[in-house]
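K.L.:
Before I ask anything, let me first share the structure, which is written out below as structure tokens.
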Amino acid sequence: MSGLGNQLKTAVLMALLTVIVILIGRALGGSSGMMMAFILALIMNFGSYWFSDKIALRMTQSIPLTREQSPQLFDLVDRLAQNADIPLPRIYLTKSPQPNAFATGRNPAHAVIAVTEGLLSMMNREELEGVIAHEMAHIQNRDILIGTLAAVMAGVITTLAHWAQWALMFGGFGDRDNDGGLAALPLIILGPLAAMIIQMAMSRAREFQADASGAQIAGNAQGLAQALLKLERAAQAIPMQVSPSASHLFIVNPLRKKSLMTLFSTHPPIEERVGRLNAMVIR
């Protein structure tokens, strides 16, 4: 997908999530709450754009890596960046034994790829190449901003909804032009769900696209396919301490699957992703 198409997706995402924030703000405090929520949404959208990489790295507690610390990884990233025709991204390390990775940043010139300690220790070279190429594809496709924006705004919506729930329980809906807490109850419940569905729709499309583009960048679809299977198994066996709002940033969901929540996963089924990769012929 073109850069213009992803810019349009970003604008639509900003608009939808901002509307949800504003409506929850109205439920919290009527017109004054709505205005405060609108201001908050503007601040969060501005911050998400200019500081998306810092926000994602802080949420995942990732630290910078140098070439001296991991020369083979840097050589691999350098070669794949040339294949993808993008600037060399900064490399960060997420201190988790679970193998996983994500990319962030507002554009290719300010991009970051973060890998976990588990990824470096558990993947062979072909699998690691496939994972890094997948993250390169997110950068190349210019959709890395969307992931961080969705994570930040989903977190804001969830927090506001929790505040609204407490306000409802303790009679905090006192604004005269507010039509009552009970009328706001469906919004309080459905707001975070709507944010999750928007986040899920954006993330699933991005993952399929990044898988295909990543296989082209690596020149080999099998490395990524093998890595995805290994990553999925490890994610269920090795826990990662990460905010649910940031889980969709990773190449596979770092949180253990739990019953009904798998229906709302931000990632497509691994079996479908692997099947698409196995069907690819790289020329």
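K.L.:
Based on the mean of other Cβ atoms within 10 Å per residue, sort peptides 221-231, 35-45 so the most packed one is first. Walk me through the numbers on the way to the answer.
P.N.:
Working: 221-231: 22.5, 35-45: 16.8.
Ranked from most to least packed, the peptides come out as 221-231, 35-45.
K.L.:
Taking other Cβ within 10 Å of each residue's Cβ, how do His162, His248 sort, fewest first?
P.N.:
His162, His248
K.L.:
Also, I was wondering about something else. Could you tell me the ratio Rg/Rh of the stretch 14-148? Both radii from Cα atoms, Rh via Kirkwood.
P.N.:
Computed over Cα atoms, the ratio is 1.11.
K.L.:
What size of dipole, in debye to the nearest 20, comes out for the stretch 115-159 about its Cα centre when the only charges are +1 on Lys and Arg C-beta atoms and -1 on Asp and Glu C-beta atoms?
P.N.:
200
K.L.:
If neighbour count is taken as other Cβ atoms inside 10 Å, put Asp78, Asp211 in order from fewest to most. Intermediate results must be reported in sequence, preceding the final value.
P.N.:
Values: Asp78 12, Asp211 25.
Ordered by Cβ neighbours within 10 Å, fewest first: Asp78, Asp211.
K.L.:
Sort the following peptides by mean Cβ neighbour count (other Cβ atoms within 10 Å, averaged over residues), highest first: 104-112, 152-160, 56-64.
P.N.:
Descending packing order for the listed peptides: 152-160, 104-112, 56-64.
Values quoted throughout were computed directly from the atomic coordinates according to the rules given, and no laboratory measurement underlies them. None of the values given here were measured: they were computed from a predicted structure. Counting neighbours? That spans all protein chains shown, and the Cβs are built from the backbone with ideal geometry, glycine included.
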